[in-house]
1. Defining a contact as two alpha carbons under 8 Å apart and six or more residues distant in sequence, what relative contact order in percent does the range 282-443 show?
2. Show me 546-555, 527-536 ranked by packing, highest mean number of other Cβ atoms within 10 Å first.
3. Contour minus end-to-end for Phe242 and Ile203, with contour as 0.36 nm per residue of separation and end-to-end as the Cα-Cα distance?
4. Cα centroids of the range 224-297 and the range 558-629: how far apart, whole angstrom?
5. Thr189 to Met136: extension gain in nm, 0.36 nm per residue of separation minus the Cα-Cα distance?
6. What are the residues whose amide H is under 5 Å from the amide H of Leu34, where those residues sit 5 or more places off or on another chain and H is modelled from the backbone?
7. List every residue whose amide H lies under 5 Å from the amide H of Val493, counting only residues 5 or more places away in sequence or on a different chain, with H placed 1.01 Å from N in the peptide plane.
8. Collect residues whose amide H, placed 1.01 Å from N in the peptide plane, falls under 5 Å from the amide H of Thr53; neighbours closer than 5 in sequence don't count.
Amino acid sequence: MDNKKLADDIVRLVGGEENINDLVHCATRLRFSLKDSKKAERETLEKHEGVITVVESGGQFQVVVGSHVANVYAEIAKSTSFLDKAAENSASGQKVSAVSKVFEVISGSFSPLIPAMAGSGMLKALLTVLTMAGWMSDTSDTYMILSAAGNAVFYFLPIFLGVTLGIKLKTNPYVAGTIGAALLEPSFTGLMDKGTDGSFLGIPVVLMNYSSSVFPIFIAISIYALLDRFLKKIILKDLQVFLVPMLSLMIMVPLSAIAFGPFGTSVGDWIAAGVTWLINVSGILSGIVLGGGMTFMVVLGLHWGFTPITLQNINNGGDPIEAMAAAAVFAQIGVALGIFLKSKKDKSLRSISGSSAVTGLLAGVTEPIVYGLILRYKRVIPIVIIAGAIGGAVNGHFGVKYTAYVFHNIFSIPVEKPSGIFVISMILSMGIGLLLTLIFGYESKGKAKAAEAESAVQAESEPQTVQPEKNTESAALNMKKEQIHSPLTGKVVPLSAVADKAFASGAMGKGLAILPSEGVVVAPMDGVVTSLFPTGHAIGLTSAAGTDILIHIGINTVSLKGKYFKPAVKEGDAVKQGDVLIEFDLEQIQAAGYQTVTPVIVTLTEREVEIFETDQESIEKNDVLLTLI
């Protein structure tokens, strides 16, 4: 899809330029900070052909578009001005919790640096391979030049973080970067050559190396942002252009050297030591938690909390956290490969699973797997947990460490030490994910059918033609006449009058809708519950004769996230006609602004049938609603 059109559509659907406070991007996501997330048309965005999914986490509205995210971001930057006006808009931003704000600042600061860090890390991995193979000497000029390219972003990390933090905290990013640069400037680092601590106006200064450090600059720039605002309040506007930056540097650089730098370094060391101690207590348990849980920490945005610790550990010789978390990446790839091999008849799914598996394996980018497959086919969630936990336990037990910031993929193996153990862990995670997916599948048949139906409703698209298998002669005879009873009491409404294109057009199948007068749904025939959506707003049943029925309570009620719905059955339950399936609060749903008209759709039968609809204007539960002949 054209990147400019996609960019324009996304800006419009998140509420327009006027609703955006800030925007950054990472490897696959546009991370918006919105003034009011309720103005964003999330469902429409999720249905957009250029969008993989939408995630709200850590105070950010994240639109996942894939590996071409940088191009989409560039198009947004070209056609909008909110990035330049972010500081002006900050006052009207919506409130978030302190914890969410911290994660938002961390993720917003690191996200712009990920391409440079990942590229530099992969270059270091390549140099490791070249020197191990004897194709390049680590003392050659060529090696030194390429090594400088690989090390630069990490050595000068306080400068880059100063800039991105300044942008995120709505203060001057270049003054913030200068504060970081001062801690690396030769005049300052040369003080360490004296062999004793320094002093500033008689105040002792503990001298240390701040290259690759994270916590000192986070503390320093957070304080600088407050100082910058204070100075702008008390200094005449005409003098601010030079006086505010000058005073900021005069105050912040000495304070960073005297207090924030040593304190931040100590905090980082303490946290890293604490995590390392916990890992040393039980590497296996730590590996199980990180390997099995990292997939969902990424979904929730919690993984950003590990990034400063990881960089601190790398600076101290190696990080065990990312080494254990890497198992989750290869477990996801294994699941994607399993779905690819299992979904032989679904070309669209094979395309998604195959391409995302290759992208994960070669580049370490697995968001398409997580959002496009794992969260879609929840049957594989336990599989990715088990596969990741086993690989993580191996890495944790044998003390594998991650020695350079890279995306986890087959080319990053040299930076994981010992590499042999890491390869074993990688093969285990990927192999177990693949094998369990092949054995247990990625979705039950009944739920897959209903999920496809629900997806079609939300996407307002035409369904694919289903070619049912032929049943036995006796089953076919039973299909000659089948009655579907009303699951609700209320007014009968033709599908064409339903305010949803997919239902109204008949694209979902034939049937009728009911405007309920009471909040009880009962089974319309004897059968089995083949799907029950977690939100409780829709249920799918299959009759003994092979007819699939979808009952969808209300329009767009999935947005209620289960509120006001109380299922009385679960998937796999056998039900008799008239059994209570779901209870719902009719008045509360209407008060929340949702239509309660409920389509009752015949989505699939074992052979072609004619469907005759009742001619009643009002109907009671258990009255005949549809007759199939």
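1. Numbers: 314 pairs, mean separation 61.2, N = 162.
Relative CO of the range 282-443 lands at 38 percent.
2. On the way: 546-555: 24.1, 527-536: 19.9.
Taking the mean over residues of other Cβ atoms within 10 Å, the ranking is 546-555, 527-536.
3. Working: separation 39, 0.36 × 39 = 14.04 nm, distance 2.71 nm.
Extra length available between Phe242 and Ile203 comes to 11.3 nm.
4. 55 Å
5. On the way: separation 53, 0.36 × 53 = 19.08 nm, distance 3.15 nm.
Taking 0.36 nm per residue and subtracting the Cα distance, the gain is 15.9 nm.
6. Asn21, Phe61
7. For Val493, the qualifying residues are Ala513, Ile514, Leu515.
8. The answer is Val64.
Each reported figure results from applying straightforward, stated rules to the coordinates on display, with no laboratory input. Note that the structure is predicted; figures quoted are calculated from it, not measured. No Cβ is skipped: glycine too gets one built from the backbone with ideal geometry, and neighbour counts run over all protein chains shown.
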